[in-house]
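Bear in mind these aren't lab numbers, they're just calculated from the coordinates by the rules spelled out. Remember, predicted model here, so these are calculated numbers, not experimental data. Positions of Cβ are backbone-derived with ideal geometry, glycine not excepted, and every protein chain shown enters the neighbour counts.
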């Protein structure tokens, strides 16, 4: 394996934007505020830290062990791109309606959250944030390169996105008060629109690789 080859910076920027859209920190704000309602400041600080570390651990682990996961499933990368694109689109459609969607959170998980039967890490960190969409996006991004430096660049992007997530969670109260539900919904819809376009492109890439005739070759 080549140790030092990197892709064009645009590919890492694409992964960064995709991951931000998939995680959608603004969608997590009202859920986080619900979980921490009536809790102390120390609890909110601790929970936000645990959530971010959990998301980072899941996605960084996916980056390092994505190859093994693909081999275990016996799936080719083009097939995984098509499947991953479908997952992203299933996440994007509810976002266009400012909704969570069942891919991110099942009705049972939402009910547990409402009656305070969870700690907030589940289902807020997993699967609401680090769910199927974020995992599949990370595996596809890692597979585009073949070097150790590329792998660490992907992990670096994950770290930056998680830092952004931490800032949003720490400022969830002021953000929620300033933007209000309407502002948060607008941000989620914009990210949903971006994610829709990315999902279509991801599926198109996979289909062209599975069926070269679609690419005119």
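Tabulated values for the structure
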| read-out | value |
| --- | --- |
| Estimated [θ] at 222 nm from DSSP helical runs (n ≥ 4, -39500 (n - 2.57)) normalised by residues in the chain, nearest 500 | -25500 deg cm²/dmol |
| Packing-based exposure ordering (other Cβ within 10 Å, fewest first) of 12, 43, 4, 32 | 4, 43, 12, 32 |
| Cα pair distances of the range 1-99 binned at 5 Å [whole percent] | 2, 9, 12, 19, 20, 16, 11, 7, 4, 1, 0 |
| Cβ-Cβ FRET estimate between residue 163 and residue 204, R0 fixed at 35 Å, reported to 0.05 | 0.65 |
| Highest to lowest packing among 128-138, 59-69, scored as the average C-beta count within 10 Å | 128-138, 59-69 |
| Cα coordinate range in the range 9-215, projected on the principal axes (Å, largest first) | 57, 34, 32 |
| Kirkwood Rh (inverse of mean 1/r, distinct Cα pairs), the range 121-168, angstrom | 11.7 |
| Where the Cα pairs of the range 10-64 fall when distances are cut into 5 Å bins, in % | 4, 16, 19, 25, 16, 11, 7, 2, 0 |
